[in-house]
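**Student:** Submitted below is the structure of interest, expressed as structure tokens.
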Amino acid sequence: MNLLRVSRSTRPIPRLVPLVVVAFRVGLAVGMLSVLTACAVRPATSGPVRGAVARSVAAQPALVVHPEHPRLIVGGYRGVTREALRAACASPAMQGECARIGGRHMLDDAMAWLLNEDAVAAGRVAAALREIPGCGDGYERTAIGGYALAFDWVHATLSEAERRRISDALGACGQRFASENGLRGNSPHLWHGYTSQAAALALVALAVDDSFAGRAALLEDARTLFRGNALEGWALTGGAWPEGYSYERSHFFSGDPPAQYVLDALRAWDSAVERDHPAHASLFETIAEEEGDWLRGIGYHVLYGTLDGYGEVSQRTLMRGGDMPTGQANPHKQFRPWVDAIARIYADPALADWGASLDRDWSFVGGTGTYHSIHRYALPLNLPVDVVAQAPAELGLPTAWIWSRDDLGYVLLRSDWQPGATTIGYRAGAWLTGHQHMDQGHIDIWRKGPLAVDAGVYANWGTEHREAFYIRSVAHNTILVHRDGEDFDEHPGFGEDVNDDGQRVHTYTSAGCSQCMQSVDEWRSHVGDGMHFEGGAIEAYAHDGTRTWIASDLTGAYNSTRFRTPGNVAKVESVQRDVAYVRPHWLVVIDRVRTTPDSGPPRFTLNLPQRPSVEGLRVIEGSAQDGILRGAADRFRIDNDGGGRLMGWTITPEDPTVTLTGGPGHRYWVDGANRDDGAAAHEGPPAEPGGWRLEVAPTSPERDTLLAHALLIGDAD
């Protein structure tokens with residue numbers, strides 16, 4: 001055991017020597033050899049990486065807009081031609097649906113004009129454009145972008161006087177929108193609301209005619225606020241939006257036309273602007289070649305995070321993360337339209353296959369279809385009819401993908417591309433937005449259903465469940481460290497101090513917010529300084545097909561000797577988590593933690609969907625099926641409802657203390673109470689709120705602690 005004694009260096013525990021001892025102690029030397037070798041060093045990065053490349057607007061070409069209409073998505077320099085729209089509608093998959101376009105809403109009618117020169121439909125659009133209902137509330141979305149798009153599409157049907165009056169009204173609305181609705185000053189940038197607002201501004205600026213006196217200034221606003229600030233935010237994350245899939249769903253594609261969001265503005269910019277970059281005419285070429293290919297990264301975020309149906313949830317869902325409202329976990333309705341569009345833009349066979357494969361779970365078009373019926377008008381624009389779909393396995397797509405290693409730090413790992421595959425998520429990155437959770441170092445494990453979950457449900461802001469459990473580290477599979485008297489920045493309306501032993505709460509800090517930054521450069525100035533948006537950091541990443549290694553530093557997420565929030569003392573000096581996945585079954589998690597004097601021992605934490613099997617525990621509160629249990633144990637097992645199994649061994653310390661908390665009255669237990677107020681209405685399928693929490697800590701703690709766990713992921717049979 002002398003080999004396991006820690007040193008007092010900056011990195012407290014050497015990697016190689018303890019792990020050699022670990023291999024012999026567990027008795028899994030053959031099966032674990034490659035895992036332990038992987039964890040012995042921090043490998044250099046390899047494999048696909050997506051990250052942001054800052055864009056200097058000053059270095060860009062002159063902003064030249066195509067002189068004729070239509071030029072937004074349809075027409076222009078690189079837009080879809082009307083002939084291509086009609087050809088798409090002639091395909092067998094589309095004929096019946098295209099015949100039903102028109103009559104539902106303004107953009108549906110505008111598409112009917114483009115396809116069939118339906119004068120009656122165009123007349124309805126003109127009537128709607130004469131009564132533009134204000135400029136929107138400027139908070140999360142506005143219909144003004146959809147009005148601009150419809151104006152462009154039916155421009156030829158309007159009289160000269162109508163064009164001037166509508167263009168002036170749109171332009172004035174755009175000016176007001178840019179100046180009054182939060183796109184300048186201390187306004188949200190790395191937040192879904194900013195991107196949707198900026199997208200609406202861009203659609204207006206590109207649609208208005210030369211006759212509008214403020215057109216040049218409006219275009220410059222669009223270039224700065226949309227093409228600059230907003231898209232830099234997406235490039236920063238590589239496409240894996242930290243707020244969760246629900247915010248990609250509702251803000252990357254239109255929620256309820258004529259409200260329009262980022263993807264339509266992207267395509268409008270590409271079609272209407274003569275040259276996006278000194279080296280690339282097309283915006284999509286710039287993104288792919290100069291900005292880390294983040295647009296394809298958005299599509300792949302959905303592809304890699306799609307989970308098979310299981311148990312009561314017979315249809316596919318998406319990996320949980322960030323704020324994931326209960327009813328928005330299925331990848332249909334508002335996901336397929338924009339994933340299809342990305343597949344069409346880049347002729348990507350894997351994304352085309354993902355969209356087409358959804359039809360086995362949902363109808364093609366309908367209220368719960370892969371295209372909601374309000375999006376039927378977009379089928380001729382989006383459906384990748386000319387892309388030959390191929391499954392990821394046929395293409396040899398890697399079974400691991402990392403998004404924005406240096407900033408967001410998000411990884412999705414799959415055992416394979418077959419039904420029933422294991423999917424593992426890991427995140428270690430900076431603080432980016434208010435819908436992010438205190439989840440650095442969090443591990444999701446899914447096989448034929450959830451095995452280790454992102455616990456809780458998206459209850460309303462200010463409720464006990466959200467503020468004391470759902471967003472906190474305790475609801476995530478990371479490391480907890482207790483410190484008496486630690487204070488967290490709670491929601492101002494919550495009114496209670498709750499110590500979950502977790503990471504700093506960034507959402508409500510009085511100093512300011514990460515999503516209030518006006519540029520990526522400004523945001524970066526507060527990472528490691530200023531408002532300290534740092535959290536975790538992936539220091540090394542490698543993938544060789546069979547094995548994936550991740551080395552991360554989580555120290556910045558906690559009140560530490562590097563930085564602590566006002567009124568607190570440091571509880572840790574360093575927190576490091578390394579993860580190695582050897583397909584298909586083994587996941588090893590190595591935690592090295594150095595605490596400060598008077599802090600509690602670090603606790604390896606897993607939130608589980610059901611009560612695990614753990615021997616040797618005694619009830620210390622409540623009952624064995626609803627309470628808190630504790631004892632000496634070094635292994636556990638859990639089977640989920642879909643037939644997946646997770647078995648875990650504590651490799652070190654040799655004398656672990658296991659605490660198991662859960663059951664109906666304890667499933668959200670934090671700081672002496674079950675934090676369930678606000679949760680009940682959101683707990684049904686497809687939610688995965690969790691039911692039990694397992695924590696492992698050393699029985700005889702020291703300031704330097706090595707926690708090593710081997711997790712075997714397989715089937716219950």
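Each value in this text was obtained by applying a stated rule to the coordinates, not by laboratory testing. These numbers come from a predicted model, not from an experiment. Cβ atoms come from the backbone with ideal geometry, glycine included; neighbour counts cover every protein chain shown.
**Student:** For segment 122-245, what relative contact order do you get, as a whole percent, if you take Cα pairs closer than 8 Å and at least 6 residues apart?
**Tutor:** The value is 28 percent.
**Student:** Let me ask something additional. Mind computing the radius of gyration and Dmax over the alpha-carbon atoms of segment 438-546? Å is fine for both.
**Tutor:** 16.1, 49
**Student:** Tell me the relative contact order for segment 550-684 as a rounded percent, counting alpha carbon contacts under 8 Å between residues six or more apart.
**Tutor:** RCO, segment 550-684: 14 percent.
**Student:** Now for a separate question. Please report how far the C-alpha centroid of segment 291-343 lies from that of segment 208-225, rounded to the nearest whole angstrom.
**Tutor:** The distance from the Cα centre of segment 291-343 to that of segment 208-225 comes to 35 Å.
**Student:** From the P(r) of segment 216-328, can you give the percent of Cα pairs sitting at distances over 24 Å?
**Tutor:** 33
**Student:** Now, a different point. Starting from the Cα gyration tensor of the chain, multiply each eigenvalue by 5, take the square root, and state the resulting semi-axes largest first in whole Å.
**Tutor:** Listed largest to smallest, the semi-axes of the chain are 47, 26, 23 Å.
**Student:** Out of residues 5 or more away from residue 505 or on other chains, whose amide H comes under 5 Å of its own, with H placed 1.01 Å from N in the peptide plane?
**Tutor:** Excluding prolines and chain starts, which carry no amide H, the hits are 489.
**Student:** Could you state the number of Å between the C-alpha centres of segment 378-444 and segment 605-653?
**Tutor:** Computed from Cα coordinates, the inter-centre distance equals 29 Å.
**Student:** Using each residue's phi in segment 228-238, evaluate 6.51 cos²θ - 1.76 cosθ + 1.60 at θ = phi - 60° and report the 3J(HN,Hα) Karplus result to the nearest Hz, with x for Gly and Pro.
**Tutor:** Per residue, the Karplus-derived 3J(HN,Hα) values read x, 4, 5, 6, 4, x, 5, 5, 4, 8, x Hz.
**Student:** Here's something else I'd like to know. To the nearest 10 degrees, how steeply does helix 144-153 sit against the main Cα axis of the chain, on a 0 to 90 scale?
**Tutor:** Between helix and principal axis, roughly 40 degrees.
**Student:** Which log10 I(q)/I(0) values, to two decimals, does segment 291-360 give at q = 0.12, 0.26, 0.27 Å⁻¹ under the Debye formula with one point per Cα?
**Tutor:** Scattering profile of segment 291-360, log10 relative to I(0): -0.32, -1.25, -1.31.
**Student:** Give a residue-ordered list of calculated ³J(HN,Hα) values for segment 606-620 (Karplus: 6.51 cos²θ - 1.76 cosθ + 1.60, θ = phi - 60°; whole Hz; x for Gly, Pro).
**Tutor:** Going residue by residue, I get 10, 9, 10, x, 9, 5, x, 8, 9, 8, x, 9, 10, 6, 10 Hz, with x marking Gly and Pro.
**Student:** How would you rank 330-338, 169-177, highest first, on the average number of other Cβ atoms within 10 Å across their residues?
**Tutor:** Highest to lowest by the protection proxy: 330-338, 169-177.
**Student:** Which order do the peptides 92-98, 261-267 come out in when sorted by mean C-beta neighbours inside 10 angstrom, highest first?
**Tutor:** 261-267, 92-98
**Student:** Taking every eigenvalue of the Cα gyration tensor of segment 194-247, multiplying by 5 and rooting it, what semi-axes result, largest first, whole Å?
**Tutor:** 27, 11, 6
**Student:** Report, largest value first, the span of the C-alpha coordinates of segment 388-434 along each principal axis, in whole Å.
**Tutor:** Result, largest extent first: 37, 24, 18 Å.
**Student:** Here's a follow-up. Could you work out the per residue convex hull volume over the alpha carbons of segment 546-628, in cubic angstrom?
**Tutor:** So the per-residue hull volume is 161 Å³.
**Student:** Quick one: dipole size for segment 102-193, taken about the Cα centre, charges +1 on Lys/Arg Cβ and -1 on Asp/Glu Cβ, in debye to the nearest 20.
**Tutor:** With only Lys, Arg, Asp and Glu charged at Cβ, the dipole is about 220 debye.
**Student:** Could you tell me the relative contact order of the chain? Use alpha-carbon pairs under 8 Å, at least six residues apart, and round to a whole percent.
**Tutor:** Over the chain, the number comes to 13 percent.
**Student:** Sticking with this structure for a sec: What number, rounded to the nearest 500 deg cm²/dmol, is the helix-based mean residue ellipticity at 222 nm of the chain, given -39500 (n - 2.57) per DSSP H run of at least four residues and division by all its residues?
**Tutor:** Taking each H run of at least 4 residues, the total per residue is -7500 deg cm²/dmol.
**Student:** Highest first, please rank the peptides 223-235, 652-664, 192-204 by the mean number of other Cβ atoms sitting within 10 Å of their residues.
**Tutor:** The densest-packed peptide leads the list: 192-204, 223-235, 652-664.
**Student:** What's the angle, to the nearest 10 degrees (0 to 90), between helix 294-305's Cα axis and the longest principal axis of the chain?
**Tutor:** So the helix axis and the longest Cα principal axis differ by about 50 degrees.
**Student:** Here's another thing I want to ask about it. Debye sum, Cα scatterers, segment 310-431, no solvent: what log₁₀ I/I(0) at q = 0.10, 0.19, 0.20, 0.23 1/Å?
**Tutor:** So the normalised log intensities are -0.35, -1.25, -1.33, -1.43.
**Student:** So how tilted is helix 192-207 from the main axis of the chain? Cα-based, degrees 0 to 90, rounded to 10.
**Tutor:** 20
**Student:** Can you check how the C-alpha radius of gyration of segment 105-162 compares to 2.2 N^0.38 Å, as a plain ratio?
**Tutor:** Dividing the Cα radius of gyration by 2.2 N^0.38 Å gives 1.13.
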